[in-house]
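Presented below is the structure to which this report refers.
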Amino acid sequence: MLFRRQPRSTVTSNPAGAGIYAELARWIPPERLVLDHSELKVYECDGLPLHKELPGAVALCASRQEVIAVVRWCNEKNVPFVPRGAGTGLSGGATPTARAVVLDLNRMNRVLHVDLQNRYAVVEPGVINIKLTHEVHADGFHYAPDPSSQKACTIGGNVAENAGGPHCLKYGMTTDHILGLEVVLPDGETARLSGPLAENSGYDLAGLFVGTEGTFGIVTEITVRLVPNPESIRTFLAIFPRMNLACRTVAEITRQGILPAALEILDQLTIRAVEASVFKAGYPQDAAAVLLIEIDGLDAGMDEEEQKIRQIAKENEAIEFRTARDETERLKLWKGRKGAFGAMGRVNTDLYVLDGVVPRTRLENVLNEVYEIAKRHGVTLANVFHAGDGNLHPNISYDGRDPDERSRVLLAGREILEACVRAGGSISGEHGIGLEKMDFMPLCFTEEDLQLQKDLRRAVDPRNLSNPAKIFPDSKSCVEVGKRHATLVPL
Amino acid sequence: MQEAPASDHLSALSLSPHEHAFYGSEARIVAPDSYEELETIVRDAERERRHMIPAGLGAHAYLGNPPPGNVLVVSLRKLNRILRYEPGDFTVGVETGLTLSELRATLEANGQEIPLDLPSAARGTVGGLVAAAPSGLRRGRHGPVRAYVIGAHALRGGATRYKTGGMVVKNVAGYEVMKFLTGSLGTAGPIVEVNFKLRPLPERRAAHVAVFQDPDAAWRFADNLRSRGREPAAIWVLNDEARRQAPRMLESLNGDGVAVFWLFEGQSGRVAWQESQAGSILDEQAPSRHSAVSGSELDLLIDFLADFDSPGAGPRVDLAIAKLSALPNQIRHVQDEAQRVVLEAELAPATACDVLSGLVTLRWSPRRDATEANGLDRPIADLGRTLLAQQGTGTLLYLPPQVRQSHNYLLTPDANASLARRLLKVFDPNSVFCPEKLLGPGP
C-alpha cells in the first residue's frame, strides 16, 4: 500500500448528486445518511490513498435491519455497495467504486455475548479489535489476532481481510479465530454460517467467507474464539551486525521446534527512523538489524526456553541480547515495532508498504534480492517484517511529487513481489488484495485459478454489486501486470 | 489407467470393502497414473453423465449419504508423491494418494507432524483426510484439519485443474477455496495435491488414565482439568461401555467405571509442571485407578480413541456411530441424552467425549432385524430432536450398509444448504460428483 503523509486532494465528483440516494432516508435517519459532497470525501479511500473514488452515499448503519434494507435497495436500483469498518485497510478494500453506497458499520459496535466457559464471544462487526480484548482481559482471556492497527481497526474489517499481526505466528490468522458469522448476502438475504460448536453441518462456508474482502456480502455478527491469557510473557531484543544473521537466528529458533509468540525484524533504516520519532524504543542505531522475540505460555519452562533462544542468538553472532525487565520495557520495545510504519514518515513524504510473503528458508535470499532491486531502481527501502512466518514488509520511502521516482517505486514494488512469488511465496500475507494488488494476482494464479474464484463470486453475487472491481484483474490487466499502478495514479 | 470389476477384491485395483458395501455391486474403480488421465476420466464421466467419487484407498467410503448406483470410483492412490518438502519451512506439499502412514513417517523423521492423530491412519490417504476432515484426538488443542491445509490443487467440472492457496503459512491472496474443499467428502471434485503447514513434534508427552466408579466424580475431574489444567492437549471421558470396548492389553482402562484420559505435551519443564498440577486436581476426586500411560500402550490408546469414530477396515452390520457436537460445558448433558436414547432401545451405548472440543462419539449395536424395534430409527430420531433442543449438530458417521439409505448423514439440517448448492454448482455443474453425499437429495 502507499502511505501519504499529507494526502493531496484529487479531482473527484459525484455526478449523481444526492439524487436517488435520498430514498435511503426511508430506512436510515437523516443524521446517519451522508449525501453531502464534502462529507462524502471522507469515504473516498481507506488506508490506501493511492486510489480514490467518491461514493454516491454513505449509510451509517446501526443495525442488521438497516444493512438489509440498504442492500435490498441497492439491488432494486442496481447500485453497487461497499462495506466499511474503520477504513484502516491497506489495500483499498473499502475504497468505493463510482456511485456505490458505502455501508459504514462503525455504529454496530456492541459485544453481544461473552461465554468464558466455552471461550467465545459474539460481536458486531464495528467492534474495535483491541476493545474486545479489553472487555475480557480481566477475566483471563484475549482476542488473539493483533494487526498493527488493532487500536483502530474493526473485527468486521479483520474478517473481510483475514487480518494477521505479529502474534499470528503462534496463534494463527483471523480465520483461525472465527467460529461463526451472520452475513447479509448480496441479494439482501441473511445466512448464519457455522457457530461456536466444533462441528457444523455441511460445508465450511464461514471458512470460505473469511478473507473475501466484502465481495460475498456484509458481515453483521461474528462469533470469535477467546484465548486464555498466557501466564507469563518474556520479550527480548537481539541485536545483529548483519541482517543475514538475524534471519539465521529466526530459522534456527523455528528449526529447534521453539514456537515463539512473535519474531519481528527491523533493519537499520527502520531502526533509525523509529529512534528519531515519537516511537523511540532504545534500539541501537548502529545495528544492521534487531530481532524482537516474544515467548509466552506457562511460567514453568520459560527459563529453559529463554536460555535456548539466547544461545541461538549468540551462535549467530548477536552483539547483544536484551531482556525486557518489566511490562514498561516490554511495551517500549513493542512501541518501536508497532510505530515503525508511522516513523517512516520522517524519511520522505510518501511510503509504499509491500506485503509479500516467502517460505522461511528463503527469507535471507529474498531479502538480499529485495535490497538489490531497491538499489537498481535507486529507491530508499527499509524492512520491518514478521520474520517468523516469512511475511516481508518492504517499505519504500519516496517523494510522490516526483513522477520519475514514483514510477521507479512502482517498478521496484512489482519486482519485489515477483521475487517473492518466484521464491515460492505470495503477494500478500495479511493486507489483502483489494484494489492495490489485483493486477498482481496473475503472478500467483493462472487464468483457470482465477476463473474458479470469479465463478464462486458470481454464484454468491450474480449481479456483481457487493464491493465490485476488487481482488480480480480484468482481462487486460492480466496481460499487463502492474500497469494500473503506473498509469492510474496521476498527481 | 485400469478398470476393475467390483468383485475383484484381490486385485490392487479392487474396491475397498467399504466401497463395495456402500457403493453397490455396479460400482467400478479406476486409478489414473497421471493428472492427464484423471482429466480424461472426469471429462468422460461428465459427457456420459456418470456419477463419480474421488477416493484414495476407500477407507472412508462409509461416510456420507450413499451415491447413486453405477458409480465410478476414481482412486488417486497412484498419485502419491511427496512433491515439496523443505523441513525448515514447516510446510509440505503432497499428492493426495499418499498414505497417511507414509506422510507421518516422513514428517516424524524430521521431527515434525500434522497434529491430528488421524483415525484409520494406517489405511487412509491424504485425500481422504482432507475430504473427510475427521476430528483428531488433540483437536481441542491444535484445531481441526482445515487449520493445517494451506493450499490445494484440484479438478472441477470440465476437467479444469486449479490451484488455491499456496505453500506459505500466511497468505491472503484470493479466496480460501480449500476451506470449502476440506470436509466436502469429495463432492467438489478430486483434490490432487494438498499443502499442509506443520508443527514440531512435542519434546515430551505425558498421558494418564484414571477410572472412576462414580461418573459424577469423573466429570468433575474432567471439568476441573479443562478449566484449571492450563494447556492440556486432550481430555477424553469414556463411559463404562466404551472403556470395555478397548483392547484388553490396555491395562490402564481395566476396572469398572468411567475413564478419563488426559494428555500434556510440549516442552519438558512445562509438561512436568502440568502433570503435577493435574495430579492435585485428580486427588480431589478419588479415582479407583490411576496410571500414567507411555510407550506402546500410549500408542495403542491413541489408536483406540482415534479409531472410535470408525467402523474399522471393513463394514459391520451391527454397528452405528454418531458424532454429536455441543458446547463444551454442555457435553455431559448431551452425552447423557445420547446414552438415554440408546438405553431406551434396550441397547448399550458406548460414548467417548472430547471434553475440550465438545464432541461426543456415540457407538451402539442395532439389532439385525428390520423391525421398528431394531434400535436405529427411534434412537436416530431422538438424537436429532435432542441436538435441535440443545442447539447442537451431529452426523451419522456410520450405519450398516443395508440401512444407510434410510437415514440422512446429517442428523441436524444444514440451514445453508441452498447457498452451498449454489457454490457446489461452480465445482460440479453437471452434478457428477455425487452432491447428495453431504447434503442429501436436492430439493
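The values are calculated or read from the model by the stated rules, or taken from the named source; none is laboratory data. Since this is a predicted model, take the numbers as computed values, not measurements. Glycine also receives a Cβ, built like all others from the backbone with ideal geometry; neighbour counts cover every protein chain displayed. These accessible areas exclude ligands, DNA and RNA; they are computed on the full protein's heavy atoms, side chains included. Shrake-Rupley method; radii C 1.70, N 1.55, O 1.52, S 1.80 Å.
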How many residues, within region A:385-429, are in a loop (DSSP other than H, G, I, E, B) and open to solvent by less than 20 Å² (accessible area, probe 1.4 Å)?
9
Name the residue, out of A:GLY390, A:GLY336, that is within 14 Å of chain B (Cβ to nearest Cβ), of a type outside the set (Lys, Arg) and touching a helix residue (DSSP H, G or I) at 6+ places or on another chain (Cβ under 9 Å).
A:GLY390
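Taking A:VAL122, is it within 14 Å of chain B (Cβ to nearest Cβ) and not in a loop (DSSP other than H, G, I, E, B)?
On the way: within 14 Å of chain B (Cβ to nearest Cβ): yes; not in a loop (DSSP other than H, G, I, E, B): yes.
Considered against the rule, which asks whether it is within 14 Å of chain B (Cβ to nearest Cβ) and not in a loop (DSSP other than H, G, I, E, B), A:VAL122 comes out as yes.
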I need the full set of residues from region B:135-172 which are more than 10 Å from every other protein chain (Cβ to nearest Cβ) and aromatic (Phe, Trp, Tyr), in order please.
B:TYR148
So which residues in region B:41-83 are free of Cβ contacts under 8 Å to residues at least 60 places away in the same chain and among the acidic types (Asp, Glu)?
B:ASP44, B:GLU48
Test: residue in region B:173-186 that is touching a residue at least 60 places away in the same chain (Cβ under 8 Å), farther than 18 Å from A:GLU161 by Cα, more than 10 Å from chain A (Cβ to nearest Cβ) and part of a helix (DSSP H, G or I):
no
What about A:HIS377, is it under 30 Å from A:LEU237 (Cβ atoms) and either without any contact (Cβ under 8 Å) to a residue 40 or more places away in the chain or in contact with an Asp or Glu (Cβ under 8 Å, 6 or more places away or on another chain) (or both)?
no
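Does A:ASP187 meet the test of being open to solvent by 10 Å² or more (accessible area, probe 1.4 Å) and more than 9 Å from every other protein chain (Cβ to nearest Cβ)? Reasoning before the result, please.
On the way: open to solvent by 10 Å² or more (accessible area, probe 1.4 Å): yes; more than 9 Å from every other protein chain (Cβ to nearest Cβ): yes.
Taking the combined requirement at face value, the residue satisfies it.
Looking only at region A:68-104, how many residues end up being of a type in the set (Val, Ile, Thr) and within 17 Å of A:LEU35 (Cβ to Cβ)? Walk me through it before giving the result.
Keep residues of region A:68-104 that are of a type in the set (Val, Ile, Thr), which gives A:68, A:70-71, A:79, A:82, A:88, A:95, A:97, A:101-102.
From the residues that got through so far, the ones that are within 17 Å of A:LEU35 (Cβ to Cβ) too are A:70, A:79, A:82, A:101-102.
Residues flagged as of a type in the set (Val, Ile, Thr) and within 17 Å of A:LEU35 (Cβ to Cβ) within region A:68-104 amount to 5.
Among the candidates B:LEU76, B:LEU38, which residue alone is in contact with a Pro (Cβ under 7 Å, 6 or more places away or on another chain) and farther than 30 Å from B:HIS407 by Cβ?
Values: B:LEU76 fails: farther than 30 Å from B:HIS407 by Cβ.
Just a single option satisfies the conditions, and that option is B:LEU38.
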Being among the hydroxyl-bearing types (Ser, Thr, Tyr) and touching a residue at least 12 places away in the same chain (Cβ under 8 Å) is the filter here; which residues of region A:24-72 pass it?
A:TYR43, A:SER63
Of the residues that make up region B:102-124, is at least one at pLDDT 95 or above, more than 7 Å from chain A (Cβ to nearest Cβ) and touching a Gly at 6+ places or on another chain (Cβ under 6 Å)?
no
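It is to be established whether one or more residues within region A:56-69 are on the phi < 0 side of the Ramachandran plot, among the polar types (S, T, N, Q), surrounded by fewer than 22 Cβ atoms within 10 Å (Cβ to Cβ) and modelled with pLDDT under 95. So that I can check it myself, show each step before the final result.
Taking region A:56-69 as the starting set, the residues that turn out to be on the phi < 0 side of the Ramachandran plot are A:56-69.
Applying the additional criterion that residues be among the polar types (S, T, N, Q) yields A:63, A:65.
Now restrict to residues that are surrounded by fewer than 22 Cβ atoms within 10 Å (Cβ to Cβ): A:63, A:65.
Next, from what is left, pick out any that are modelled with pLDDT under 95: none.
Checked against the condition, which is being on the phi < 0 side of the Ramachandran plot, among the polar types (S, T, N, Q), surrounded by fewer than 22 Cβ atoms within 10 Å (Cβ to Cβ) and modelled with pLDDT under 95, region A:56-69 yields no hits at all.
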Considering only region A:190-235, how many residues are of a type in the set (A, V, I, L, M), more than 9 Å from every other protein chain (Cβ to nearest Cβ) and open to solvent by 10 Å² or more (accessible area, probe 1.4 Å)?
3
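State all residues of region B:255-279 that are touching a residue at least 40 places away in the same chain (Cβ under 8 Å) and either under 23 Å from B:ARG340 (Cβ atoms) or surrounded by fewer than 22 Cβ atoms within 10 Å (Cβ to Cβ) (or both); if no residue qualifies, say none. Break it down stepwise before answering.
Filtering region B:255-279 down to residues touching a residue at least 40 places away in the same chain (Cβ under 8 Å) leaves B:255-268, B:271-272, B:274-275, B:277-278.
Those that are touching a residue at least 40 places away in the same chain (Cβ under 8 Å) and either under 23 Å from B:ARG340 (Cβ atoms) or surrounded by fewer than 22 Cβ atoms within 10 Å (Cβ to Cβ) (or both): B:GLY255, B:ASP256, B:GLY257, B:VAL258, B:ALA259, B:VAL260, B:SER268, B:ALA272, B:GLU275, B:GLN277.
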Being in contact with an Asp or Glu (Cβ under 9 Å, 6 or more places away or on another chain), in a helix (DSSP H, G or I) and touching a residue at least 60 places away in the same chain (Cβ under 8 Å) is the filter here; which residues of region A:350-373 pass it?
A:ARG360, A:THR361, A:ARG362, A:LEU367
Could you check how many residues of region B:307-337 are under 17 Å from the mean Cα position of the chain (by Cα) and in a helix (DSSP H, G or I)?
3
Selected residue (criterion: modelled with the lowest pLDDT) from residues of region B:412-433 that are open to solvent by less than 20 Å² (accessible area, probe 1.4 Å) and in contact with a Ser or Thr (Cβ under 6 Å, 6 or more places away or on another chain)
B:THR412
Scan region A:163-182 and report the pairs whose first residue is within 14 Å of A:TYR143 (Cβ to Cβ) and open to solvent by less than 10 Å² (accessible area, probe 1.4 Å) and whose second residue is aromatic (Phe, Trp, Tyr) and assigned to a loop (DSSP other than H, G, I, E, B), with Cβ atoms within less than 9 Å and a gap of 6+ or a chain change.
A:HIS177/A:TYR143
Which numbered condition in (1) surrounded by fewer than 21 Cβ atoms within 10 Å (Cβ to Cβ); (2) among the hydrophobic types (A, V, I, L, M, F, W, C); (3) more than 10 Å from chain A (Cβ to nearest Cβ); (4) within 22 Å of the chain's Cα centre (by Cα) is the only one that B:LEU396 fails?
(1)
Failed item in (1) more than 14 Å from chain A (Cβ to nearest Cβ); (2) open to solvent by 10 Å² or more (accessible area, probe 1.4 Å), with B:TRP364 passing the rest
(2)
Against the condition within 14 Å of another protein chain (Cβ to nearest Cβ), open to solvent by 10 Å² or more (accessible area, probe 1.4 Å) and over 30 Å from B:ASN408 (Cα atoms), how does B:SER288 come out, does it pass?
no
Identify the residue in region B:342-359 that is within 14 Å of chain A (Cβ to nearest Cβ) and part of a loop (DSSP other than H, G, I, E, B) and, among all such residues, is most open to solvent (accessible area, probe 1.4 Å).
B:LEU356
Selection within region A:28-43 - in a loop (DSSP other than H, G, I, E, B) and open to solvent by less than 40 Å² (accessible area, probe 1.4 Å)
A:ILE28, A:PRO29
Scanning region A:393-413 for residues that are of a type outside the set (Val, Ile, Thr) and closer than 30 Å to B:PHE90 by Cβ, which turns out farthest from the other protein chains (Cβ to nearest Cβ)?
A:ALA412
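Please return the ranges of strands (runs of 3 or more DSSP E) entirely within region A:260-335 where 2 or more residues are open to solvent by less than 20 Å² (accessible area, probe 1.4 Å), of a type in the set (Val, Ile, Thr) and touching a residue at least 40 places away in the same chain (Cβ under 8 Å). Steps first, answer last, please.
Details: elements: A:262-267, A:289-297, A:320-323.
Strands (runs of 3 or more DSSP E) meeting the threshold: A:289-297.
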May I ask you to list the residues in region A:191-236 that are touching a residue at least 24 places away in the same chain (Cβ under 8 Å) and acidic (Asp, Glu)?
A:GLU213, A:GLU221, A:GLU231
